[in-house]
Amino acid sequence: MAGQAAAQATASPFVDIADVALTYGGAAAKGGGTLALEHCTLGVGKGEFVAVVGPSGCGKSTLLKLVSGLHPPSAGRVAVDGEAVTRPLKIVGMAFQNPIMLPWRTTLANVLLPLEIVEPHRSRFRRERAAYAERARRLLATVNLAGFEERFPWQLSGGMQQRASLCRALIHEPELLLLDEPFAALDAFTREELWDVLQALWLERRFTCVLVTHDLREAVYLADRVVVISNRPGRVVMEQAVGLPRPRRLANAWDRDFVDLVHVLRDKISEVRQAA
């Protein structure tokens, strides 16, 4: 599956980042800004799960901003499903390290929030609220949050809030899910538990997913392909296919093939950091 997805990404990428540069705060050529990305090229096939890793500050999160349409590139082209990205995309779901749950809304109401904002759901939300609420309840049940729909964020653990955040990102059934270190703030046991939650959701729905993470075990556990970004200005310096069968289990994280892949990625990142 990983090889097929990688071949598809090369032939006709669903997400196409082509020779992109991005400068924050002015023109880098004139010494007036920070060049975050330069000559960055990456393709992601439809339905593929790609993890992006690299040193801190290398531009991993910037990539997600470009793909989602939250920030335009300074040079190059970003396209999703064959269309240039020129504004925030409706087909994207996003989740971050901080779940950012609205404290005055229940878990169910937080999950429903995108449907109140994103068309075509926004225009039909009032008259179809019951159906949307049922969809949200089913989604919460898949991440073991049945019975917590009417709880407020402060009544949930960090792991439970992150589960709800994943549901919120998926409630409008996006074609593309962008994840920016969504499990980094959690303890190791909760983080590993949520790997299985995310894997199960992806296996069921087969959305295209791009995950930014510092955790190399997380990257290998979840992804079809792992992309290594260089030191700033960031560019793709390695693409490593993960040919491990799915569904993956936590016990597999100690298998020789799994550990070898983690070491390959770690060695490459060490090389990149020393080259800075």
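The values are calculated or read from the model by the stated rules, or taken from the named source; none is laboratory data. Quick caveat: nothing in here was measured; it's all calculated off a predicted structure. A quick note on method: Cβ atoms are made from the backbone with ideal geometry, for glycine too, and the neighbour counts reach across all protein chains shown.
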- Message: One residue is enough: does segment 186-193 have a residue meeting the conditions hydroxyl-bearing (S, T, Y), part of a helix (DSSP H, G or I) and within 13 Å of the chain's Cα centre (by Cα)?
- Response: no
- Please enumerate the residues belonging to segment 46-89 that are in contact with a Lys or Arg (Cβ under 9 Å, 6 or more places away or on another chain), within 22 Å of S12 (Cα to Cα) and among the small types (G, A, S). G47, A51, G69, A84
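On the given criteria, is E175 more than 18 Å from the chain's Cα centre (by Cα), of a type in the set (D, E, K, R) and either under 27 Å from D215 (Cα atoms) or at pLDDT 95 or above (or both)?
no
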- Query: closer than 24 Å to F183 by Cβ, assigned to a helix (DSSP H, G or I) and among the aliphatic types (A, V, I, L, M), is that true of L64?
  - Reply: yes
- Message: I'd like the full set of residues that are over 23 Å from the mean Cα position of the chain (by Cα), closer than 27 Å to A36 by Cβ and either surrounded by 14 or more Cβ atoms within 10 Å (Cβ to Cβ) or at pLDDT 95 or above (or both), limited to segment 234-271.
- Response: D267
- Residues of segment 138-153 being closer than 10 Å to T107 by Cα and either in a helix (DSSP H, G or I) or aliphatic (A, V, I, L, M) (or both), in sequence order, are L140, L145, P153
- Task: Return the only residue of G69, G147 being at pLDDT 95 or above and small (G, A, S).
- Result: G147
